[in-house]
Amino acid sequence: MTDLFNFDTRVDRYAVMGNPVAHSKSPRIHALFAGQTGQKIEYTAIQVDPGGFEQALGNFQASGGKGLNITVPFKEEAWAYVDKRTARAELAGAVNTIKFEKGYVLGDNTDGVGLVSDLTENHRIDLQYKNILLMGAGGAARGVIAPLLQQRPAKLIIANRTVDKAVALAEIFKDYGSIEGCGYDDLDTSFDIIINATAASLAGDLVPIPPLCIAADSFCYDMMYGGTATVFMRWAKDCGALQYSDGLGMLVGQAAESFYLWRGVRPDIKSVIEQLRKELQA
């Protein structure tokens, strides 16, 4: 006789992979998304040693994992690993979201969507016709360039310690809008929007941009986040900026886009940002 109460209680498994990853708020974010939308999932953080990314990813897939978020420093490795890429991942040259489909591995990049939605919807910043400075030329920067240019800014300047990397990155995206690459020492004007796409704040360091880049009405945005203002945010305030923010909203926004790719359901972002902010400040 069939047991009518013998339901399948297996839960779909997801994770974030990176190094370091212990600090990640992604497990908490996806737990809040799941509770909000009634989805039954398990989401964990997996520390991956340098050189061990492909094996870790293969092991997770073989054990029945459904999808992954990828963070520093493996986004470009993930791009090379996947079988198929969305158009935005292809353009970004970096993958932060993986979905294991039947017969192939799909890679996506939700960073740009997360950043633009945080700036335009949560902070009410109109990016059109603005002069934007993007600091850094790594995977985090590359993933947001096309979405930023799609907002039709007047100009997007990429500044980086290694000037050649910034110039090369600008060359890749030159057909998508007005964009230039340079070194920090080459900056000689103020910007409407300044975005820190480096990981300097994690180490308590400052990116060496001249204070003249910041005006009173500049909006300064750090992709990093914490319980208190980041080093970059404090520096921007000291330089006279009246508006500044960390990247918590971007983190939640990109996570929501990943969640939608995996589950087909869009969670409410603002309530999760508010909850996380309270927890970070507690």
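The values are calculated or read from the model by the stated rules, or taken from the named source; none is laboratory data. Worth saying up front: this structure is predicted, and the values here are computed from it rather than measured. Neighbour counts are summed over all protein chains in view; Cβ atoms, including those assigned to glycine, are modelled from backbone coordinates with ideal geometry. Note: accessible area is taken over every heavy atom of the protein model, side chains too, but ligands, DNA and RNA are not part of it. Shrake-Rupley method; radii C 1.70, N 1.55, O 1.52, S 1.80 Å.
Entry for region 223-282 at q = 0.13, 0.30 Å⁻¹: log10 I(q)/I(0) = -0.42, -1.17, Debye formula applied to identical alpha-carbon scatterers, no solvent contribution.
Here the chain carries DSSP beta bridges of which approximately 20% are antiparallel, counting only pairs with both residues inside. Scalar couplings 3J(HN,Hα) for region 38-55, obtained by applying the Karplus form with A = 6.51, B = -1.76, C = 1.60 to θ = phi - 60°, are x, 8, 9, 9, 10, 9, 10, 10, 10, 6, 10, 6, x, x, x, 5, 4, 5 Hz; x denotes Gly and Pro. Shown here: mean projected area of the Cα convex hull in nm², derived from the displayed model; of the candidates (1) 16.3; (2) 14.1; (3) 22.8, it corresponds to (1).
Counting charges near residue 107 (Lys, Arg +1; Asp, Glu -1) among other residues having Cβ under 13 Å from its Cβ returns a value of -2. Counting only DSSP H runs of at least 4 residues, each contributing -39500 (n - 2.57), and dividing by the residue count of the chain, the helix-based mean residue ellipticity at 222 nm comes to -10500 deg cm²/dmol.
Measuring with a 1.4 Å probe in the full set of protein chains, what accessible area per residue, in whole Å², belongs to the chain?
Numbers: 13490 Å² over 282 residues.
The answer is 48 Å² per residue.
Would you please classify the overall shape of region 125-282 from the alpha carbon gyration tensor, given that a ≥ b ≥ c denote the square roots of the eigenvalues, rounded means a/c under 1.5, and beyond that prolate means a/b larger than b/c while oblate covers the rest?
Values: a/c = 1.78, a/b = 1.25, b/c = 1.43.
Because a/c hits 1.5 or more and a/b fails to exceed b/c, region 125-282 counts as oblate.
Only Cα pairs under 8 Å and 6+ residues apart enter the sum, and on that basis the relative contact order of the chain stands at 15 percent.
Rounded to the nearest 20, the size of the Cβ-charge dipole of region 53-122 about its Cα centre is 260 debye, with Lys and Arg at +1 and Asp and Glu at -1.
Going highest first, how would you order 185-191, 276-282, 258-264 by mean Cβ packing within 10 Å? Please list the in-between numbers first.
Values: 185-191: 15.0, 276-282: 12.0, 258-264: 19.7.
Top to bottom by mean Cβ count within 10 Å: 258-264, 185-191, 276-282.
Working note: Karplus 6.51/-1.76/1.60 with θ = phi - 60° gives region 150-160 the couplings 5, 7, 6, x, 4, 7, 10, 9, 9, 10, 8 Hz, where Gly and Pro are set to x. Carbon and sulfur: what percent of the chain's accessible surface (1.4 Å probe)? Answer for the chain: carbon and sulfur cover 49 percent of the accessible area. Rounded to the nearest 20 debye, the dipole size of the chain about its Cα centre is 600 debye, using +1 on the Cβ of Lys and Arg and -1 on the Cβ of Asp and Glu. Computed 3J(HN,Hα) for region 13-26, one whole-Hz value per residue from the Karplus formula 6.51 cos²θ - 1.76 cosθ + 1.60 where θ = phi - 60°, is 9, 9, 7, 10, 10, x, 7, x, 9, 4, 7, 4, 8, 4, glycine and proline marked x.
Taking the longest Cα principal axis of the chain as reference, the axis of helix 139-149 is set at about 70 degrees. Please determine, in degrees from 0 to 90 and to the nearest 10, the orientation of helix 163-172 with respect to the longest principal axis defined by the Cα atoms of the chain, where the helix direction is its Cα long axis. The angle comes out at about 70 degrees.
Using a cutoff of 8 angstrom between alpha carbon atoms and counting only pairs six or more residues apart, the relative contact order for region 111-174 works out to 36 percent. Report note on the peptides 91-100, 125-134: ranked by the mean count of other C-beta atoms within 10 Å, highest first, their order is 91-100, 125-134.
Might you report the magnitude of the Cβ-based charge dipole of region 132-276 about its Cα centre, with Lys and Arg at +1 and Asp and Glu at -1, to the nearest 20 debye?
Working: 11 positive and 16 negative charges, 84 e Å.
Computed charge dipole of region 132-276: roughly 400 debye.
Let me check I've understood the local charge: for residue 190, count other residues with C-beta under 15 angstrom from its C-beta, Lys and Arg +1, Asp and Glu -1. What total comes out? That works out to -2.
Note the angle between two axes, namely the Cα long axis of helix 248-263 and the longest principal axis of the Cα atoms of the chain, as a number of degrees from 0 to 90, rounded to the nearest 10. Taking Cα atoms only, the helix is inclined about 40 degrees.
By the scheme Lys and Arg +1, Asp and Glu -1, what is the net charge of all other residues having a beta-carbon under 12 Å from that of residue 126?
Working: positive: 124, 130, 152; negative: 121, 192.
Charge balance in the 12 Å sphere: +1.
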